[in-house]
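Report on the structure given below.
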Amino acid sequence: MPKNYTNCSECPFNYTQKEKSKISANAMKTLELPLEKEDNGSEVLLVFEAPGFFEWRNRKPVFDSRDDGMNNSAGAMFAKALENNNKLRDSYDITEAVQCFPGSQAKKKQTEVDLASLYCITNLYNDLINPNYKKIVCFGEVASRSIRVITQIYPFSGKVIELLHPSAKENNQEKLDHDVRNNL
């Protein structure tokens with residue numbers, strides 16, 4: 001991730017001064033910078049859609065620390081798929097197409113997520129500039145679309161794989177397990 005983030009001021013996920021006044025000083029620290037790529041020195045980059053609440057709070061992409069047995073968040077489903085396939089998270093670099101938390105108002109509109117991905121494209125491009133990546137695996141349409149745009153400009157010679165988002169309506173744990181086993 002670059003130290004200077006660009007295009008954030010017009011992003012739909014940029015908090016206004018009024019919204020910031022309602023947020024604690026501790027929470028404000030996490031609002032200042034987008035979520036950074038989890039860099040494990042891998043040859044495979046996993047790209048997800050946008051951080052959820054637990055990812056944002058823990059400053060780690062596609063992560064959910066809840067252990068209530070009923071958790072179907074993208075982070076929990078992805079962790080379970082890795083476990084079910086005897087794969088380790090730290091074998092991959094992981095980032096998000098939209099690198100800021102959409103907010104606590106449950107789900108933001110899909111059009112806002114799509115728009116935010118355009119503002120994050122420069123940051124995502126900087127995450128991709130790694131001559132060692134042999135494969136990019138996209139989870140979800142927002143991630144896939146962002147990578148398609150970037151790879152039209154940036155000559156990526158590796159393989160790009162597009163998969164369903166872990167918590168997409170059309171997906172389930174069995175399908176995700178299959179995708180992780182065959183594509184990571």
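The values are calculated or read from the model by the stated rules, or taken from the named source; none is laboratory data. Keep in mind that what you see is a predicted model, and the values were worked out from it rather than measured. Positions of Cβ are backbone-derived with ideal geometry, glycine not excepted, and every protein chain shown enters the neighbour counts.
Here are the numbers for the structure shown:
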read-out: Qualifying positions in region 120-155 - surrounded by fewer than 18 Cβ atoms within 10 Å (Cβ to Cβ) and farther than 25 Å from Cys11 by Cα; value: Asn130, Pro131, Asn132, Lys134, Lys135, Pro155
read-out: Every residue from region 149-182 that is in contact with a helix residue (DSSP H, G or I) (Cβ under 6 Å, 6 or more places away or on another chain) and closer than 18 Å to Gly52 by Cα; value: Pro166, Ser167
read-out: Of residues in region 32-48 being outside any strand (DSSP E or B) and either more than 26 Å from Tyr119 (Cβ to Cβ) or in contact with a Phe, Trp or Tyr (Cβ under 9 Å, 6 or more places away or on another chain) (or both), the one modelled with the lowest pLDDT; value: Leu33
read-out: Within region 58-153, helices (runs of 4 or more DSSP H) holding 2 or more residues that are at pLDDT 90 or above; value: 74-84, 141-153
read-out: Contacts under 8 angstrom Cβ, first residue in region 81-92 being surrounded by fewer than 15 Cβ atoms within 10 Å (Cβ to Cβ), partner β-branched (Val, Ile, Thr) and in a helix (DSSP H, G or I), 6 or more apart; value: Lys87/Val180
read-out: Number of positions in region 155-184 that are of a type outside the set (A, V, I, L, M), over 13 Å from Leu45 (Cα atoms) and out of contact with any Phe, Trp or Tyr (no Cβ under 6 Å at 6 or more places or on another chain); value: 15
